[in-house]
Amino acid sequence: AGSGKTTAAENIAKALNLEFYFTGAITSEFKLSGFIDAHGKVVSTDFRKAYQNGGVFLFDEIDASFPQAILAFNAALANKFMDFPDGRIYKHDDFYCIAAANTFGTGADRQYVGRNQLDAASLDRFIFLSWDIDENLEHELAKNREWTNYVQKVRKAVAKLSERIVVSPRASIVGAELLKIGISRADVEQDVLCKGLEISR
């Protein structure tokens, strides 16, 4: 979480000189395919726009989506066409799809308890890249070296203790912003890092 996956996908679109499209977790195939409303008008989606016209489409939080809703997505990737509410559309040659998740699609774990297991058909559509936190970039974004060093130490301690706490670069960036406007260090630690939990230095 917070490691820059969405930003990276946006930058890929820029590098390819293509439009960037996005959806979060889906609970229904209509979030991908769209639908025809009560007035007979087609309500489109970012997925359809990218699929039909070309672009980089980010399916974020795919492991938090309902398994049944991903079936249409799988078919669209495998068959090079998809049946939308108003007819069949063929995949554009410049359609690129990225799926992002906080697990490897094997289901919930200690940190990400609300995640679903992806079936083999879904997992087979993609190659996997492990997206670790770039701590140098984290320093650049937060612009507070002392605070960011502390956050990174807390992250390592949490990992060593196998605690169910996410300490993402957001803690560095948001914490630095709060410190900059005069929020006390103790309050920032409590509100950004602890989030109701006790931590030890």
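The values are calculated or read from the model by the stated rules, or taken from the named source; none is laboratory data. Small disclaimer: the values here were computed from a predicted structure and weren't measured. Backbone-built Cβ (ideal geometry, glycine too); neighbour counts: all protein chains shown. Accessible surface is based on the protein model in full, side chains and every heavy atom, while ligands, DNA and RNA are left aside. Shrake-Rupley method; radii C 1.70, N 1.55, O 1.52, S 1.80 Å.
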Checklist outcome for this item: Taking Cα pairs closer than 8 Å and at least 6 residues apart, the relative contact order of the stretch 146-198 in percent is 33 percent
Next on the checklist: Sort Thr148, Thr27 by heavy-atom solvent-accessible area, probe 1.4 angstrom, most to least.
Outcome noted: Thr27, Thr148
Checklist entry - Using the alpha carbon gyration tensor of the chain, what are the three equivalent-ellipsoid semi-axes (square root of 5 times each eigenvalue), largest first, in whole Å? => result 38, 19, 16
Checklist outcome for this item: With the 8 Å Cα cutoff and a minimum separation of six or more residues, the chain has a relative contact order in percent of 18 percent
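Given only helices, namely DSSP H runs of n ≥ 4 each adding -39500 (n - 2.57), what is the per-residue ellipticity at 222 nm of the chain, to the nearest 500 deg cm²/dmol?
Details: 9 runs with 81 residues, N = 201.
The helix-only estimate for the chain comes to -11500 deg cm²/dmol at 222 nm.
Compute the Cα gyration tensor for the stretch 11-76, then decide on rounded, prolate or oblate, letting a ≥ b ≥ c be the square roots of its eigenvalues: rounded whenever a/c is under 1.5, prolate when a/b is larger than b/c in the other cases, and oblate in all that remain.
Values: a/c = 2.32, a/b = 1.24, b/c = 1.86.
In terms of gyration-tensor shape, oblate.
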Next on the checklist: Quick check: net charge around Asn149, other residues with Cβ under 12 Å of its Cβ, Lys/Arg +1 and Asp/Glu -1?
Outcome noted: +1
Checklist entry - Can you give the accessible area of Asp134, probe radius 1.4 Å, in Å² rounded to 10? => result 80 Å²
Checklist outcome for this item: At R0 = 22 Å the Cβ-Cβ FRET efficiency linking Tyr90 and Phe126, nearest 0.05, sits at 0.55
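Excluding ligands, DNA and RNA, what is the solvent-accessible area per residue of the chain at a probe of 1.4 Å, expressed in Å²? Walk me through the numbers on the way to the answer.
Working: 12090 Å² over 201 residues.
Roughly 60 Å² per residue, with all protein chains present.
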Checklist outcome for this item: Length gained if Glu163 through Ile183 is fully extended, taking 0.36 nm per residue and subtracting the Cα-Cα distance, is 4.5 nm
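Tell me the carbon and sulfur percent of the accessible area for the chain, rounded to whole percent, probe radius 1.4 Å.
Values: 6360 of 12090 Å².
Ligands and nucleic acids excluded, carbon and sulfur give 53 percent.
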